[in-house]
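*Asks:* Just dropping this structure here.
The values are calculated or read from the model by the stated rules, or taken from the named source; none is laboratory data. Predicted model only: the values in this text are computed from it and were never measured. All Cβ positions, glycine included, derive from the backbone under ideal geometry; neighbour counts span all protein chains shown. These accessible areas exclude ligands, DNA and RNA; they are computed on the full protein's heavy atoms, side chains included. Shrake-Rupley method; radii C 1.70, N 1.55, O 1.52, S 1.80 Å.
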Amino acid sequence: MKVEATATGKNVHPLLKVENLVKRYTKRSLAGTPEELLALDSVSFTISPGTTLAVVGESGSGKSTLANCLACLESPTSGNIWFEGKDIVKLEERACRQVRRQIQLIFQDPASSLNPRWSAFEVLVEPLILQRKFNREEIKKRVNYWLGRVGLSQDIVGRSPMELSGGQRQRLAIARALTLEPKLLILDEALSALDCSVQAQIANLLMELQGSLGMTYLFITHDLAMAAHFADEIAVMDRGRIVEQGPPNKIFIQPEQETTRRLLAAVPRIGRGDQSALER
Ligand SMILES: Nc1ncnc2c1ncn2[C@@H]1O[C@H](COP(=O)(O)OP(=O)(O)OP(=O)(O)O)[C@@H](O)[C@H]1O
Ligand SMILES: [Mg+2]
């Protein structure tokens, strides 16, 4: 695959390269006739290993549709998704399962994505058991390692996810995703439901994991300040298209699109001329 120069200045093979991705949904109009909706309209971008791309956009702009296509939860209508040089859109089911392990998705509300009837321990071991590659000892070792790594105490393993705080639940969801040692973590509004201080703690945890493990993130948010804090590059989506992309400084100082200006206006400190959101 072509070696590309990225905005971060690194000449490396992209971990992920998305080319002309299109997703069409058919929905019923009020009159009952089928209507086409273009949720992704020729989306293209690349992410280098060990970097973060933030995708920002208003509600309905296509962010989750993009995340679901990348995590193989939805099939795109057309286009290519190259992951480590393989087009995962065209993979057979078995090969696709292997790639799926490498791309993990974390949602906004861990309460809805974690089975409330399970204990935290069951939540953590399920992906490992499904892999059928690890014995009991290895599974226990991995679970203990990742609990510690995300800052959760061993005491929580017997509790249901519902008995944990929002921050603990999101740490549990991150630990569950990381037990499989993925290369790409997609965070779809993963911090949005948390209190400010918990948001900051989890953001720091994600940055620490990126520093030590070389994780690559696709960070989806409607919050431009959070995107600037986190990302090497920001891509702005509007009605299914990436309308503008660049490093946080450029997006904040020279926004080119109306939708970007609206997102900037929603960042209170920036609205008052404070640039501290750009400090990483
Ligand atoms: N399964 C589906 N069937 C039909 N239309 C869908 C489906 N999923 C999403 N859409 C539509 O696709 C468009 C993009 O939705 P998407 O959920 O990707 O937006 P989003 O940017 O994630 O929004 P939000 O910030 O509110 O989460 C919306 O118009 C939505 O109604
Ligand atoms: Mg969404």
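*Asks:* What tally of residues in segment 84-109 results from selecting those that are on the phi > 0 side of the Ramachandran plot and in contact with a Lys or Arg (Cβ under 6 Å, 6 or more places away or on another chain)?
*Replies:* Residues flagged as on the phi > 0 side of the Ramachandran plot and in contact with a Lys or Arg (Cβ under 6 Å, 6 or more places away or on another chain) within segment 84-109 amount to 0.
*Asks:* Now, a different point. Look at segment 54-82 and say how many of its residues are open to solvent by 10 Å² or more (accessible area, probe 1.4 Å) and not in a loop (DSSP other than H, G, I, E, B).
*Replies:* 8
*Asks:* Take segment 163-201 and flag every residue that is of a type in the set (A, V, I, L, M), modelled with pLDDT under 90 and part of a helix (DSSP H, G or I).
*Replies:* Within segment 163-201, V198, A200 qualify.
*Asks:* Scanning for something among the polar types (S, T, N, Q) and either open to solvent by 30 Å² or more (accessible area, probe 1.4 Å) or in contact with a Lys or Arg (Cβ under 8 Å, 6 or more places away or on another chain) (or both), does segment 258-271 turn up at least one residue?
*Replies:* No.
*Asks:* Sticking with this one: What are the residues in segment 83-101 that are loosely packed, with under 15 Cβ neighbours inside 10 Å and without any contact (Cβ under 8 Å) to a residue 12 or more places away in the chain, if any?
*Replies:* D87, K90, E92, E93, R94, A95, R97, Q98
*Asks:* Name the single residue, out of those in segment 119-149 being of a type in the set (G, A, S) and within 23 Å of the chain's Cα centre (by Cα), that is surrounded by the fewest Cβ atoms within 10 Å (Cβ to Cβ).
*Replies:* If we take residues in segment 119-149 being of a type in the set (G, A, S) and within 23 Å of the chain's Cα centre (by Cα), then G148 is surrounded by the fewest Cβ atoms within 10 Å (Cβ to Cβ).
*Asks:* While we're here: Tell me, which residue of segment 102-118 that is more than 19 Å from the chain's Cα centre (by Cα) and open to solvent by less than 80 Å² (accessible area, probe 1.4 Å) is farthest from ligand 2 (Cβ to nearest atom)?
*Replies:* Filtering first and then ranking leaves W118.
*Asks:* Conditions: (1) open to solvent by 10 Å² or more (accessible area, probe 1.4 Å); (2) more than 16 Å from ligand 1 (Cβ to nearest atom). F230 meets all but one. Number of the miss?
*Replies:* Checking F230 against (1) open to solvent by 10 Å² or more (accessible area, probe 1.4 Å); (2) more than 16 Å from ligand 1 (Cβ to nearest atom), the one that fails is (1).
*Asks:* Within segment 154-178, can you find the residues that are of a type in the set (V, I, T) and surrounded by fewer than 23 Cβ atoms within 10 Å (Cβ to Cβ)?
*Replies:* Selection gives I156, V157.
*Asks:* Does T51 satisfy being at pLDDT 95 or above and either buried (at least 16 other Cβ atoms within 10 Å of the Cβ) or under 24 Å from P248 (Cβ atoms) (or both)?
*Replies:* So T51 passes the test.
*Asks:* In the list E126, E58, E92, which residue meets the criterion of being within 27 Å of L16 (Cα to Cα), modelled with pLDDT under 90 and not hydrophobic (A, V, I, L, M, F, W, C)?
*Replies:* E92
*Asks:* Does segment 22-37 hold any residues that are at pLDDT 90 or above, more than 16 Å from ligand 2 (Cβ to nearest atom) and surrounded by 11 or more Cβ atoms within 10 Å (Cβ to Cβ), and which are they?
*Replies:* V22, R24
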